[in-house]
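Presented below is the structure to which this report refers.
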Amino acid sequence: MRRAPATAKLNLALVVGPARDDGRHEVLTILQRLDLADRIAIEPAAKPCVEGFAEDTLVMRALESLAAAVQVEPRWRATITKRIPVAAGLGGGSSDAATALRLANETLDQPLPAERLHELAAGLGADVPFFLTAGPQLARGTGTELEQLDLPQDYWVVLLLPEGTRKDSTASIYAAFDASGAEDGYEDRRAALEDALARVRRPRDLAALPPNDLASSPYADELTSLGAFRADVSGAGPVVYGLFHHREQADEARRALRARGRVWLTVPAWYG
């Protein structure tokens with residue numbers, strides 16, 4: 001049996017452009033792993049199955065795509081132990097799929113090279129290739145073109161999943177973005193992100209990154225009032241994050257937000 005953590009991610013910034021000819025959107029986003037993680041275990045089985053999370057479809061697709069690529073039967077059992085909230089903007093499903101893909105690939109007599117594994121991951125979802133990499137990444141195009149970044153990792157992260165919130169489908173969120181005409185000015189927002197990113201040396205420099213194009217939340221202002229040097233929505237939400245210099249202050253914010261919903265205290269992670 002092979003086991004590994006499947007980490008959550010933050011979008012530290014997300015700039016969205018117009019829809020492409022294939023219907024997907026141009027994006028520029030900064031992806032950062034978190035220590036908050038699911039656990040994935042892979043072992044041989046007579047037939048493919050996924051246990052521990054009844055709602056899964058992506059891990060099964062990952063195993064089936066790997067088997068098809070190497071022309072073998074998908075004889076793996078995946079066990080998912082969930083800790084990352086579902087459909088929250090933290091990439092839990094994508095991380096589970098990437099981790100299962102990597103672990104199953106390691107069981108092969110002739111594992112696929114990293115480039116081919118990246119291609120399979122990109123076919124599963126825009127975030128999936130990120131979880132095959134180490135360190136924070138700048139994602140371009142549809143989110144699958146990755147460039148490793150050297151960003152500070154010495155800060156604390158408070159995550160809030162507000163009570164009673166339910167994420168709309170990603171398709172509907174992008175449709176609302178298109179209907180609002182918000183893609184106008186994409187080139188300027190992209191340039192602003194790249195400029196702010198080039199100036200990041202210390203954690204507090206992350207505060208200059210532009211806000212999320214897809215989603216916002218009043219809880220970001222509340223996290224800022226509690227001492228966060230940056231607060232925003234991750235991905236399409238609904239999770240809101242706050243970045244803090246010191247654990248004591250982050251702990252105080254976590255306690256203050258407990259009445260608002262589910263809250264986690266975590267830190268950046270380099271790899272799963």
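The values are calculated or read from the model by the stated rules, or taken from the named source; none is laboratory data. Model, not experiment: these values are computed from the prediction. In this analysis, Cβ positions are derived from the backbone assuming ideal geometry, glycine residues included, and neighbour counts consider all displayed protein chains. Please note that ligands, DNA and RNA were not included when accessible areas were found on the heavy atoms of the full protein model with its side chains. Shrake-Rupley method; radii C 1.70, N 1.55, O 1.52, S 1.80 Å.
Condition (residue is touching a Pro at 6+ places or on another chain (Cβ under 8 Å) and among the aliphatic types (A, V, I, L, M)) applied to the stretch 35-47: is it met by at least one residue?
yes
Is there a residue being part of a strand (DSSP E or B), touching a strand residue (DSSP E or B) at 6+ places or on another chain (Cβ under 6 Å), at pLDDT 95 or above and open to solvent by less than 10 Å² (accessible area, probe 1.4 Å) anywhere in the stretch 71-79?
Restricting attention to the stretch 71-79, the residues satisfying the condition of being part of a strand (DSSP E or B) are 76-79.
Filter once more, keeping what is touching a strand residue (DSSP E or B) at 6+ places or on another chain (Cβ under 6 Å): 76-79.
Right, trim to at pLDDT 95 or above and you get 76-79.
Then keep just the ones that are open to solvent by less than 10 Å² (accessible area, probe 1.4 Å); that gives 78.
Yes, that holds for at least one residue.
Checking S216 against (1) open to solvent by less than 70 Å² (accessible area, probe 1.4 Å); (2) modelled with pLDDT under 95; (3) not in a helix (DSSP H, G or I), which single condition isn't satisfied?
(1)
What do you reckon, is G181 touching a residue at least 40 places away in the same chain (Cβ under 8 Å) and of a type in the set (G, A, S)? Show your work before the answer.
Details: touching a residue at least 40 places away in the same chain (Cβ under 8 Å): no; of a type in the set (G, A, S): yes.
So G181 does not fit the description; no.
Sort through A196, A253 and tell me the only one that's open to solvent by less than 50 Å² (accessible area, probe 1.4 Å) and touching a Gly at 6+ places or on another chain (Cβ under 9 Å).
Of the residues listed, the single one that is open to solvent by less than 50 Å² (accessible area, probe 1.4 Å) and touching a Gly at 6+ places or on another chain (Cβ under 9 Å) is A253.
Only one of L132, L103, L90, L124 is hydrophobic (A, V, I, L, M, F, W, C) and farther than 30 Å from R262 by Cα. Can you tell me which? Walk me through it before giving the result.
Working: L132 fails: farther than 30 Å from R262 by Cα; L90 fails: farther than 30 Å from R262 by Cα; L124 fails: farther than 30 Å from R262 by Cα.
Step by step, each of L132, L103, L90, L124 is checked, and only L103 is hydrophobic (A, V, I, L, M, F, W, C) and farther than 30 Å from R262 by Cα.
Listed residues A175, A191; which is open to solvent by 30 Å² or more (accessible area, probe 1.4 Å), under 22 Å from G125 (Cβ atoms) and either touching a residue at least 12 places away in the same chain (Cβ under 8 Å) or not aromatic (F, W, Y) (or both)? Quick ask: steps written out before the conclusion?
On the way: A191 fails: under 22 Å from G125 (Cβ atoms).
From the options A175, A191, the qualifying one is A175.
Which of the residues spanning the stretch 162-179 are among the acidic types (D, E), over 13 Å from H25 (Cβ atoms) and in contact with a strand residue (DSSP E or B) (Cβ under 7 Å, 6 or more places away or on another chain)?
E163
Within the stretch 109-161, restricting attention to residues that are charged (D, E, K, R) and within 23 Å of P44 (Cβ to Cβ), which residue is surrounded by the fewest Cβ atoms within 10 Å (Cβ to Cβ)? Walk me through it before giving the result.
Going residue by residue through the stretch 109-161, those that are charged (D, E, K, R) are 109, 115-116, 119, 127, 140, 145, 147, 150, 154.
Then keep just the ones that are within 23 Å of P44 (Cβ to Cβ); that gives 109, 116.
Values: D109: 6, R116: 14.
Per the criteria, the residue is D109.
What's the total number of residues in the stretch 219-233 that are within 16 Å of P152 (Cα to Cα) and in a helix (DSSP H, G or I)?
Total meeting the criteria: 0.
List every residue pair whose Cβ atoms lie under 9 Å apart, where the two residues are 6 or more positions apart in sequence or sit on different chains, the first residue falls within the stretch 251-272 and is closer than 27 Å to Q137 by Cα and modelled with pLDDT under 95, and the second residue, located anywhere, is among the charged types (D, E, K, R) and part of a helix (DSSP H, G or I).
Going by the 9 Å Cβ cut-off, the qualifying pairs are G272/R102.
Residues being part of a helix (DSSP H, G or I), hydrophobic (A, V, I, L, M, F, W, C) and in contact (Cβ under 8 Å) with a residue 12 or more places away in the chain: count how many of those fall in the stretch 194-213.
Keep residues of the stretch 194-213 that are part of a helix (DSSP H, G or I), which gives 194-198, 203-208.
Filter once more, so that each one left must be hydrophobic (A, V, I, L, M, F, W, C): 196-198, 206-208.
Subset that is in contact (Cβ under 8 Å) with a residue 12 or more places away in the chain: 196-197, 206-208.
Selection size over the stretch 194-213: 5.
Determine if the stretch 123-132 includes at least one residue that is among the aliphatic types (A, V, I, L, M), in a strand (DSSP E or B) and touching a helix residue (DSSP H, G or I) at 6+ places or on another chain (Cβ under 9 Å). Let's see the steps before the verdict.
Let us first name the residues in the stretch 123-132 that are among the aliphatic types (A, V, I, L, M), namely 124, 126, 128, 132.
Then drop every residue that is not in a strand (DSSP E or B), which leaves none.
Checked the stretch 123-132: no residue is among the aliphatic types (A, V, I, L, M), in a strand (DSSP E or B) and touching a helix residue (DSSP H, G or I) at 6+ places or on another chain (Cβ under 9 Å).
Can you work out which of the residues in the stretch 162-172 that are assigned to a loop (DSSP other than H, G, I, E, B) and under 29 Å from S225 (Cα atoms) is most open to solvent (accessible area, probe 1.4 Å)? Please lay out each step first, then the result.
Taking the stretch 162-172 as the starting set, the residues that turn out to be assigned to a loop (DSSP other than H, G, I, E, B) are 163-169.
Okay, now just the ones that are also under 29 Å from S225 (Cα atoms), so 163-168.
Working: E163: 142, G164: 79, T165: 65, R166: 203, K167: 55, D168: 94 Å².
Filtering the stretch 162-172 for residues that are assigned to a loop (DSSP other than H, G, I, E, B) and under 29 Å from S225 (Cα atoms), the one most open to solvent (accessible area, probe 1.4 Å) comes out as R166.
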